[in-house]
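The values are calculated or read from the model by the stated rules, or taken from the named source; none is laboratory data. Quick caveat: nothing in here was measured; it's all calculated off a predicted structure. Glycine also receives a Cβ, built like all others from the backbone with ideal geometry; neighbour counts cover every protein chain displayed. These accessible areas exclude ligands, DNA and RNA; they are computed on the full protein's heavy atoms, side chains included. Shrake-Rupley method; radii C 1.70, N 1.55, O 1.52, S 1.80 Å.
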Amino acid sequence: MGVADLRGIVAGELQLGVSVAIPVPAEIVRDLQTAPTLAYLEAYAALNAQLNDIVTSGAGFLRERGYRAIANTTKAVHQDADWRTPLPHKTVATRAGLGWIGKSCLLVTEAFGSAVRLSVS
């Protein structure tokens, strides 16, 4: 996890973002070399649920201490007609120092490459 300065990126009062990354298990990634698998679909859903819990808890923790915080969960993220979001998770992650954007346009981390799931508070 890391904290990102979002000044100049988003309008309004929310100037900081907390990015959380969870690695996709190596065996799931290895099996994807041939085709998408049921195990990947299940891991994808489980990791997203885990991230939703983490960022929801994190936002609640911050609100209890008087900060304005929102959890950018899978239920809260809205895409436009081009499937773009106002503040992509990978933008917050790069600004938080979790990695960089690679040739694939995905976040690449030093430890796990692009085999991570992301969420933001």
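For the Cα atoms of the chain, what angle does the longest principal axis make with the long axis of helix 38-64, in degrees from 0 to 90, nearest 10?
10 degrees
Please state the relative contact order of the chain as a whole percent: Cα pairs under 8 Å, 6+ residues apart?
Working: 166 pairs, mean separation 44.9, N = 121.
The value is 37 percent.
Any idea of the accessible area per residue across the chain, 1.4 Å probe, to the nearest Å²?
Working: 7940 Å² over 121 residues.
I get 66 Å² per residue for this part.
At 1.4 Å probe size, with the rest of the protein present, what percent of the exposed accessible area of the chain is carbon and sulfur atoms?
The computed percentage sits at 58.
Using Cα springs under 10 Å in a Gaussian network model of the chain, which residue among Leu51, Leu38, Leu106 shows the largest mean-square fluctuation?
It is Leu38.
Exactly which trypsin sites (Lys or Arg not before Pro) in the range 66-121 are in a DSSP loop and have at most 16 other Cβ atoms within 10 Å? Provide the component values of the computation, followed by the final result.
Numbers: sites: Arg68, Lys75, Arg84, Lys90, Arg95, Lys103, Arg117; in loops: Arg68, Lys75, Arg84, Lys103.
For trypsin sites (Lys or Arg not before Pro) across the range 66-121 that sit outside H, G, I, E and B with at most 16 neighbouring Cβ atoms in 10 Å, the list reads Arg68, Lys75, Arg84, Lys103.
Just flag the GluC sites (Glu not before Pro) in the range 1-45 sitting in loop per DSSP whose Cβ has no more than 15 other Cβ atoms within 10 Å.
Glu13
For the range 47-67 and the range 88-121, compute the distance between their C-alpha centroids and round to whole Å.
Using only Cα atoms, the two centres lie 19 Å from each other.
Just the C-alpha atoms of the chain: what Rg/Rh do they give, with Rh taken as the Kirkwood radius? Could you put the intermediate results ahead of the total?
Values: Rg = 14.9 Å, Rh = 15.2 Å.
Taking Rg over the Kirkwood Rh, I get 0.98.
In whole percent, what relative contact order does the range 55-121 give with Cα contacts below 8 Å and a gap of six or more residues?
Details: 63 pairs, mean separation 22.4, N = 67.
It rounds to 33 percent for the range 55-121.
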